Structure formats: structure tokens, C-alpha cells
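J.: Sending over a structure as C-alpha cells; questions will come in a sec.
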Amino acid sequence: MIRAMAAAVQPGDLVACRRELADIAMVQSILSGLELRVLRAMREFSADAEGEHARATNSSSRKSARAKRRSDAAEAIPQLDEALSEGETTAEHVDVVADVLAGLSPADRARVAGIGDEIRAKATQVGESEFRRWLQMMVRRLRQDDAVARLARQKAACRANWWLDQEGMWNLRGRFDAETGARLQGR
């Protein structure tokens, strides 16, 4: 079917060329989404899904490893998987997410997955480079938000006890957040 469509394409002007290229990009995205779904299904049938992918597509193990990373990222953020399967974004956008997720802790990955709707929306609106910058900024913001919340929890958990012991010595025992601890240490 795609071969027949390709044979029929004869763009007559710049506008038609742009339209054909947009259609090609959409079909490539849909096929990439399909590839990821098949790769995930293949995991159920083979312990070496990457090897099976490489053999079935007659490609390198490096390309298959990239497809696996892409599949994992799309699985972690289902909204992005849907956008790719619907031809609304590109495999390269999913690669950006895979790159960013690879360097995160499980807790940070979960926070990023929590903004899946925003990720999908941005991935459908901007190019790969701008998307990478935006996603990195969002990860920094999520981490800052988490750091602020963690500091608030630590401040609430601060405790100090003091007493006079049997020798008449004044004793202090405490647990402090890093900010308070640094101020105490400076004194």
C-alpha cells in the first residue's frame, strides 16, 4: 500500500513538496510507534528481544539497543507513545526522552512520567532541539521543586535536646536540616 502511494507521488510545486514531506514524516512516526509496540510484545516471546529485533530488521545491535531505549521511554510515558503511534511526534523526540530518563533516579523518572501530558503536547509542537532544551529545563524544575519540598520536610523534622548530666556538663543532641546545620556549624 505504501509502495503504491509512493509511486503515485509527483509533487508539482513547493507547497506540494512540503505536504508530501509532512505526510512522509507522519507515516514514519506511525511506523516507529508500531515498531516499539512489536518490540515490547517480542519481550514476551524471547529473552533476547534486542537480538531478535536486529535479526528481523537486518540491522545492528546498536540500532536495536536504541529501539529498546526508545521503547522503554515510550512505555514510561504512555502519552508520548500514543503521540508517536498517531504520527503526531517523531522517534527522535522519544529518543530525547530516553536520553533524559537514562540519567535519572527512579524517583525522578516517576516525576517526569507525571508530566506526560505536558511532554506529549510539547513534543508535538516543537523540533527536537527545542524539545530537548525544554525537557531538561522541566527536569531541573522538578528537581528544584523536590529539593524545596525535601528541605521543608527536613525542617519540620528538626529536633534538639539539651540537658545537664551528672557531672554538671551541658549536653546537646540534635538532628537538623542541611541549612540549619550549616548555620549552627558556622557558630
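J.: Give me the percent of the accessible area of the chain that comes from carbon and sulfur atoms, probe 1.4 Å, all protein chains in place.
T.: 54 percent
J.: Heavy atoms of the protein only, probe of 1.4 Å, neighbouring chains included. What is the accessible area of E82 in Å², nearest 10?
T.: 90 Å²
J.: At 1.4 Å probe radius, can you tell me the per residue accessible area of the range 3-106 in Å²?
T.: About 60 Å² of surface per residue is accessible.
J.: Can you give me the Kirkwood hydrodynamic radius for the chain, using every pair of distinct Cα atoms, in Å to one decimal?
T.: Values: mean 1/r = 0.0490 Å⁻¹.
In the chain this quantity evaluates to 20.4 Å.
J.: Specify the residue with the greatest mean-square fluctuation among T89, T57, T124, computed from a Gaussian network of the chain linking alpha-carbon atoms under 10 Å apart.
T.: T57
J.: Return the distance in nm (one decimal) between the two label points of a simple spin-label model at A65 and R183, each offset 7 Å from Cα along Cα→Cβ.
T.: So the label points at A65 and R183 sit 4.9 nm apart.
J.: Would you list F176, F131 from the most to the least accessible area, probe 1.4 Å? Display every interim value, and only then the final one.
T.: On the way: F176 85, F131 0 Å².
From most exposed to least exposed: F176, F131.
J.: Something else: Taking the Cα-to-Cβ direction at M1 and at A157 and moving 7 Å from each Cα, how far apart do the two end points lie in nm?
T.: Result for the modelled spin labels: 5.6 nm.
J.: Ok, one more. For the chain, take the longest principal axis of its alpha carbons; what is the angle in degrees between that and the long axis of helix 91-102, to the nearest 10 within 0 to 90?
T.: The angle comes out at about 20 degrees.
J.: Let me ask something additional. Per the helix-only calculation at 222 nm, which mean residue ellipticity applies to the chain, given -39500 (n - 2.57) for every DSSP H run of n ≥ 4 and division by its residues, nearest 500 deg cm²/dmol?
T.: The helix-only estimate for the chain comes to -24000 deg cm²/dmol at 222 nm.
J.: What's the center-to-center distance, using Cα atoms, between the range 7-25 and the range 93-122 in Å?
T.: About 33 Å separates the Cα centre of the range 7-25 from the one of the range 93-122.
The values are calculated or read from the model by the stated rules, or taken from the named source; none is laboratory data. Note that the structure is predicted; figures quoted are calculated from it, not measured. Neighbour counts run over all protein chains shown; Cβ positions are idealised from the backbone, glycine included. Remember, those area values only see protein heavy atoms, side chains included, never the ligands or the DNA or RNA. Shrake-Rupley method; radii C 1.70, N 1.55, O 1.52, S 1.80 Å.
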